[in-house]
Amino acid sequence: MSKNKNANTLLRQQTLLKFIPANAGIKSADLLNKLKSEGFEVTQRTLQRDLEVLSQYFPIYSETDTKPYLWRWSGLGINRTHIDSLSLTDALSLMLVEKSLQQLLPPAMQRHLQHNFEHSRQLLNTLKDDDNAQWFDKVASVMPDSGFKPPSIDESLLTEIQGALLKDQTIVVSYLKTKNTTAVEYSLMPLALVQRGHVLYVIAQDITKGANTAQIKRFAMHRFQTVTRINEQGIRPQNFNLQQYLQDGAMQFGNGDKLALKAKVTEELAFYLNESPMSDDMKIIQSEDGAYQLSATVINGWQLNWWLRGQGANIEVLEPQELRTRMRDNLLKTLAAYKIVD
């Protein structure tokens, strides 16, 4: 038996152990389906052989009093943590999100997960020669940013912010704002870390001028020049909820206001929008002249304007009039830049 086949058998048997419950039993047919859901091509005969082998080394057994026979661990509440390791699905998932997790999690949590990252890498490397398991050639995670490289982040500054975030401590920072050439000093109460595309943002309460005028703002992590943690307990705003903050459209760089968008779109854009709608109430109706009419309630912000400009001739904004005028003026500036109009 080849080394790779041995490794695959061991992984299958280890995964099988995880699926056997300590309390309620499980049918062999259900075990077979669970293994197949993890990507193992296995027959009922192979499953039975695995169960027989495992029962010689682990306290598992099959009840024979009634049919269908149920497999379970002997003893209630048995400690099974020594066999609860990564499955193939776990390994693939960790490899896909490793880079994002490394930016979002503090060092202590990263160290805790590092052995899982390494285990995942070793597991997939072990199986990479298997015809059915060349995972590194079959999975990838990419950002939809035209191949742009992520901005460089100072890991030591990120560590300080992560520490302050965990302990609800304030920080004093120097931060390079957009279009500025010199850094500005802020006093901040970190509230959250949010990954948006390639850019990691620190959501923080700006307490530079005191708590009475404090506002919640976004700060791009790569623009921090210095970070000093104040080792005192800060006051986290009681009305801040991260999920509500995101739902209100804060990461679309607007004030949370919504607008009723009406537009004429091409057949191609209508196809893509039907696959990935702009909003829950989005509708696309084909009119008698063959045109596609779009209506949707969307968040009015920088993200919407950026997306509309990127669609070019695939969309014509009809309403609201203010947005239509803004789109028209931008197109005229574009044409002027290309010397098409004066």
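The values are calculated or read from the model by the stated rules, or taken from the named source; none is laboratory data. Values in this document were obtained by computation on a predicted structure and should not be read as measured data. So basically every Cβ, Gly included, is an ideal-geometry build from the backbone, and we count neighbours across all protein chains shown. Note: accessible area is taken over every heavy atom of the protein model, side chains too, but ligands, DNA and RNA are not part of it. Shrake-Rupley method; radii C 1.70, N 1.55, O 1.52, S 1.80 Å.
Worth a mention:
- Residue match in the stretch 245-258 (condition: part of a loop (DSSP other than H, G, I, E, B), open to solvent by less than 60 Å² (accessible area, probe 1.4 Å) and either of a type in the set (D, E, K, R) or in contact with a Phe, Trp or Tyr (Cβ under 8 Å, 6 or more places away or on another chain) (or both)): yes
- Residue within the stretch 167-181 that is part of a loop (DSSP other than H, G, I, E, B), at negative phi and modelled with pLDDT of 85 or more present: yes
- For the stretch 174-186, a tally of residues being surrounded by 15 or more Cβ atoms within 10 Å (Cβ to Cβ) and in contact (Cβ under 8 Å) with a residue 40 or more places away in the chain returns 4.
- Close pairs from the stretch 22-51: first among the charged types (D, E, K, R), partner open to solvent by 80 Å² or more (accessible area, probe 1.4 Å), Cβ under 7 Å, at least 6 apart: Glu41/Asn132
- Residues located in the stretch 285-313, provided they are under 26 Å from Asp329 (Cα atoms) and in a strand (DSSP E or B): Tyr292, Gln293, Leu294, Ser295, Ala296, Thr297, Val298, Ile299, Asn300, Gly301
- Screening the stretch 280-299 for residues that are at pLDDT 90 or above and among the polar types (S, T, N, Q) and picking the one that is surrounded by the most Cβ atoms within 10 Å (Cβ to Cβ) gives Ser295.
Yes/no matrix, rows are residues, columns are (1) touching a residue at least 12 places away in the same chain (Cβ under 8 Å); (2) small (Gly, Ala, Ser); (3) in contact with a Lys or Arg (Cβ under 9 Å, 6 or more places away or on another chain):
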{"residue": "Leu246", "(1), (2), (3)": "yes, no, no"}
{"residue": "Tyr272", "(1), (2), (3)": "no, no, no"}
{"residue": "Gly290", "(1), (2), (3)": "no, yes, no"}
{"residue": "Asn300", "(1), (2), (3)": "yes, no, yes"}
{"residue": "Asn305", "(1), (2), (3)": "yes, no, yes"}
{"residue": "Gly312", "(1), (2), (3)": "no, yes, no"}
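- The stretch 209-227 - residue that is over 25 Å from the mean Cα position of the chain (by Cα) and surrounded by 14 or more Cβ atoms within 10 Å (Cβ to Cβ) and, of those, farthest from Ser156 (Cα to Cα): Ala214
- Test: Glu316 is outside any loop (DSSP other than H, G, I, E, B), closer than 30 Å to Glu155 by Cα, of a type in the set (Asp, Glu) and open to solvent by 60 Å² or more (accessible area, probe 1.4 Å): no
- Filter result for Ala336 (in contact with a strand residue (DSSP E or B) (Cβ under 9 Å, 6 or more places away or on another chain) and either open to solvent by less than 80 Å² (accessible area, probe 1.4 Å) or within 26 Å of Lys217 (Cα to Cα) (or both)): no
- For the stretch 12-47, the candidate set comprises residues that are among the β-branched types (Val, Ile, Thr) and in a helix (DSSP H, G or I); within that set, the residue that is most open to solvent (accessible area, probe 1.4 Å) is Thr46.
- Considering the conditions (1) assigned to a strand (DSSP E or B); (2) modelled with pLDDT under 95; (3) open to solvent by 30 Å² or more (accessible area, probe 1.4 Å), Val202 is excluded by exactly one of them, (3).
- Look at the stretch 316-337: where a residue is free of Cβ contacts under 8 Å to residues at least 12 places away in the same chain and a partner is open to solvent by less than 70 Å² (accessible area, probe 1.4 Å), sitting 6+ places away or on another chain with Cβ atoms under 7 Å, you get Arg324/Val317; Arg324/Leu318; Leu332/Val341; Leu335/Val341.
- Scope the stretch 293-332; condition under 17 Å from Asp257 (Cβ atoms) and of a type in the set (Gly, Ala, Ser); matching residues: Ala296, Gly301
- Single match in Asn239, Asn231 (criterion: farther than 30 Å from Glu316 by Cβ, out of contact with any helix residue (DSSP H, G or I) (no Cβ under 9 Å at 6 or more places or on another chain), not in a helix (DSSP H, G or I) and not β-branched (Val, Ile, Thr)): Asn239
- Conditions (1) open to solvent by less than 70 Å² (accessible area, probe 1.4 Å); (2) touching a strand residue (DSSP E or B) at 6+ places or on another chain (Cβ under 9 Å); (3) under 30 Å from Ile216 (Cβ atoms): number failed by Leu269: (3)
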